[in-house]
1. Which residue pairs have Cβ atoms under 6 Å apart, sit 6 or more places apart or on different chains, and have a first residue in region B:157-183 that is among the acidic types (Asp, Glu) and a second that is surrounded by fewer than 21 Cβ atoms within 10 Å (Cβ to Cβ)?
2. Surrounded by fewer than 18 Cβ atoms within 10 Å (Cβ to Cβ) and not assigned by TED's automatic domain parsing to the domain that holds B:Arg208 - does that describe any residue in region B:57-68?
3. State whether the residues of region B:156-172 include one that is part of a strand (DSSP E or B), modelled with pLDDT of 95 or more and either buried (at least 23 other Cβ atoms within 10 Å of the Cβ) or of a type outside the set (Val, Ile, Thr) (or both).
4. What residue, of B:Ala107, B:Ala13, B:Ala33, is at pLDDT 95 or above and away from chain A (no Cβ under 14 Å)?
5. Restricting the search to region B:37-80, which residues are over 16 Å from A:Asp26 (Cβ atoms) and part of a strand (DSSP E or B)?
6. Could you please find all residues in region B:256-281 being loosely packed, with under 12 Cβ neighbours inside 10 Å, over 15 Å from B:Asp150 (Cβ atoms) and of a type outside the set (Val, Ile, Thr)?
7. So which residues in region B:81-112 are surrounded by 24 or more Cβ atoms within 10 Å (Cβ to Cβ), of a type in the set (Phe, Trp, Tyr) and in a helix (DSSP H, G or I), if there are any at all?
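The values are calculated or read from the model by the stated rules, or taken from the named source; none is laboratory data. Please read all numbers here as calculations on a predicted model, not as lab measurements. Don't worry about glycine lacking a Cβ; one is built from the backbone with ideal geometry, like all the others, and counts go over all protein chains shown.
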2 protein chains.
Amino acid sequence: MPDEFTFLTDLRAITTHPAAAGLADDTAQLEVAAGTLILTSDTMVESVHYRPHDPPGSVGWRLAAVNLSDLAAKGATPLACLLNYSLSGNAAWDRAFLDGLNQALTAYAMPLIGGDTVAMPAGAPRSLTLTAIGTAPTKVPLRSCAQPGDTLWVTGTIGGAAFGADGQPRDLARYLHPVPRVAEGQALAPLATAMMDISDGLLIDAQRLAAASDIAIHIDLDVIPLALPGPVLDAACAGDDYELLFTLPEGVTPPVAATRIGTASPGNGLTLTANGTPVPLPARLGYRHG
Amino acid sequence: MPDEFTFLTDLRAITTHPAAAGLADDTAQLEVAAGTLILTSDTMVESVHYRPHDPPGSVGWRLAAVNLSDLAAKGATPLACLLNYSLSGNAAWDRAFLDGLNQALTAYAMPLIGGDTVAMPAGAPRSLTLTAIGTAPTKVPLRSCAQPGDTLWVTGTIGGAAFGADGQPRDLARYLHPVPRVAEGQALAPLATAMMDISDGLLIDAQRLAAASDIAIHIDLDVIPLALPGPVLDAACAGDDYELLFTLPEGVTPPVAATRIGTASPGNGLTLTANGTPVPLPARLGYRHG
């Protein structure tokens, strides 16, 4: 299968880690110190998690970025990853995908050490999986440990990767090349009582954090940092931001650029205000993909 | 998406490992001792790696078994795994798949600690990935370290999972429920100079071992242990055996049931004899799937 050999040759060209010898040996070896590993795995399916016409380099970058964002939410340091790739039958697409993937793996020092390459039946959508391994910080922030009295914060800005009324991403660069907050996550891990990344939308993810922590969360819509001018609820219910949402004990200031957007209190559920007035929750708080 | 919630509930029911809390938290945590991990990941695609009408419990078992077989080839001890699952739109199929997967994970003490669940576009084939993590033995046998003068051995019998002239597996139970040689791999690792599992066919995998080790391998077709009576070349070129192929220094006897089928010598390539007479290599030595 020439496609596979070409792809594996390209793949090996981006794997400089000694363990990448495993690509020819069905398995990879990884030396680890005693401690806690953080493991995460995300699958992106064509037409579900990305648009068929998205540039393949962006698909490669995003596959790395979504996994790196999961590591970031735990304050983990990227260690290595494995790629499960469905050959597209389009060698140029495969090569551009690998280029984009490699840019992210290089930028975040997460070597590719193994995985699998499969052919798909003709016409089947691509299904791409990356499994990322990181070393945990001393204290791993979970989404379930926010405390009443905590303050709620978010890094960066919200809603840039959202799709506008024209059906296009409002900020195309942000959609195509999300930036995982790895360094920020590492700096926040020792301080945050709870942390998660925002992948499906600020409000739906805040609701998940509240439910996991068994607390109430209140968000002031007026202070949500918007990526672009526009309706705040549209931005707060849009996915693909890959910012970090976290809680800190009252009085603690985050060591990275972040905006205080709310508070945690006894109770449960998510409440919103704008201009000091309660705002009902939208029917749809974010993106629920499979 | 009710399918996903049902599936995740079923999934959590089979995950008793503490780290499985990660299924709700996008990431999993794994405590490890200092040392070497063995990582492997296999993707099985409907209509490529299994037949659409295969029982879903068998598909779940086989997905675990092919990964466990890769760990076995390194003498590794299963530690944990992650599942990337494409919802089938058929809750009964999903549940039966999980039952079969769980049987294998339980039998081989490899807890499921995380992964991802995705929806597929309507009509798309299922794509199922399992990533397995094991702890390496003190000496990890590679496929690249066979030495001239070594003897060549295989566990179990060959050709049972092959498809017969009627288009059906010759030994259906063997095809549906391959048995990964985990204990045998652990026993062999300290002694074997090279080891790999036979997934694509005895001859193609022996050729790969010869190429990786830069040696010549000779196999005596008369002594290959056949699962069922029939032409030896058919069996030796058939896939899905999941037996271990390994080399030992001359004079060393394997500590597990195995058959001596050949020798390694200086040079390169694979040669065959039957009744003491050279046999040309078949045009197709095994199964090359993507």
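1. Within 6 Å, the pairs are B:Asp171/B:Ala227.
2. Looking through region B:57-68, none of the residues is surrounded by fewer than 18 Cβ atoms within 10 Å (Cβ to Cβ) and not assigned by TED's automatic domain parsing to the domain that holds B:Arg208.
3. Within region B:156-172, one or more residues are part of a strand (DSSP E or B), modelled with pLDDT of 95 or more and either buried (at least 23 other Cβ atoms within 10 Å of the Cβ) or of a type outside the set (Val, Ile, Thr) (or both).
4. Only one candidate passes the filter, namely B:Ala107.
5. B:Val45, B:Glu46, B:Tyr50, B:Thr77, B:Leu79, B:Ala80
6. Going residue by residue through region B:256-281, those that are loosely packed, with under 12 Cβ neighbours inside 10 Å are B:257, B:266, B:275-278, B:280.
Still in the list and also over 15 Å from B:Asp150 (Cβ atoms): B:257, B:275-278, B:280.
Selection gives B:Ala257, B:Asn275, B:Gly276, B:Pro278, B:Pro280.
7. B:Phe97
Matching residues to (1) over 26 Å from A:Asn67 (Cβ atoms); (2) within 23 Å of the chain's Cα centre (by Cα); (3) acidic (Asp, Glu):
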| residue | (1), (2), (3) |
| --- | --- |
| A:Pro229 | yes, no, no |
| A:Ala236 | no, yes, no |
| A:Asp241 | no, yes, yes |
| A:Leu245 | no, yes, no |
